[in-house]
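Reading through the structure tokens given below for one structure.
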Amino acid sequence: MSAVAVELAVRSARAAFNRALEQGDLAAIGPLLTDGVVLVTGSDSAVIAGRKAQLLAWKREFAAKPRTIYRRTTQGVTASAIAPIALEQGTWEGTVAGEGTLLAGGLYSAKWRESAGVWRLVAEIFVTLR
């Protein structure tokens, strides 16, 4: 797969993840995660390990009042020349649903892996800068 095709695939998967977060759609998030996916949160560096644990965390987030909408904005994707993996980097924001008031934001990096034609998240690390 060419670097351009990898970038398009990762950007498309990220857009699907952002839509799922905005809509509170757990069923759409699950297929975008590997079984052993790891998420390191932005402020306290809490580690959420595994698809099941991450879906549970999102379920709690979706039930919160007021709800925070998280959005990742891809700034770049680097495809590996030797394995079906890629590194995505960008910015993230958490805003109050329905208001758009910024609660937090920063930078992130995400590792993606392609398997059977599907790009899934392997790991994400967030840094809160504002």
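Restricting attention to segment 90-113 and to residues that are outside any loop (DSSP other than H, G, I, E, B) and among the hydrophobic types (A, V, I, L, M, F, W, C), the residue that is nearest to the chain's Cα centre (by Cα) turns out to be A110. Just checking, does segment 49-65 include any residue being touching a strand residue (DSSP E or B) at 6+ places or on another chain (Cβ under 6 Å), farther than 28 Å from E7 by Cβ and either touching a residue at least 24 places away in the same chain (Cβ under 8 Å) or not in a helix (DSSP H, G or I) (or both)? Checked against the condition, which is being touching a strand residue (DSSP E or B) at 6+ places or on another chain (Cβ under 6 Å), farther than 28 Å from E7 by Cβ and either touching a residue at least 24 places away in the same chain (Cβ under 8 Å) or not in a helix (DSSP H, G or I) (or both), segment 49-65 yields no hits at all. Exactly one residue among G50, G30 is on the phi > 0 side of the Ramachandran plot and at pLDDT 95 or above, and that residue is G50. Does V77 meet the test of being over 22 Å from E22 (Cα atoms) and surrounded by 14 or more Cβ atoms within 10 Å (Cβ to Cβ)? For V77, the condition - over 22 Å from E22 (Cα atoms) and surrounded by 14 or more Cβ atoms within 10 Å (Cβ to Cβ) - is met.
Which of the residues belonging to segment 77-89 are within 14 Å of the chain's Cα centre (by Cα) and either farther than 18 Å from S109 by Cα or touching a residue at least 40 places away in the same chain (Cβ under 8 Å) (or both)? Across segment 77-89, the qualifying residues are V77, A86, E88. Each residue in segment 10-48 was checked for being under 14 Å from the mean Cα position of the chain (by Cα), in a helix (DSSP H, G or I) and not aromatic (F, W, Y), and 18 of them qualify. Taking the listed residues T91, T101, the one that is surrounded by fewer than 17 Cβ atoms within 10 Å (Cβ to Cβ) and at pLDDT below 95 is T101, with no other qualifying. Of the numbered criteria (1) in contact (Cβ under 8 Å) with a residue 60 or more places away in the chain; (2) closer than 19 Å to V127 by Cβ, the one T73 fails is (1).
The values are calculated or read from the model by the stated rules, or taken from the named source; none is laboratory data. If you're wondering where the values come from, they're calculated on a predicted model, not measured in any experiment. When we count neighbours, we look across all protein chains shown, and the Cβ atoms used for this are built from the backbone with ideal geometry, even at glycine.
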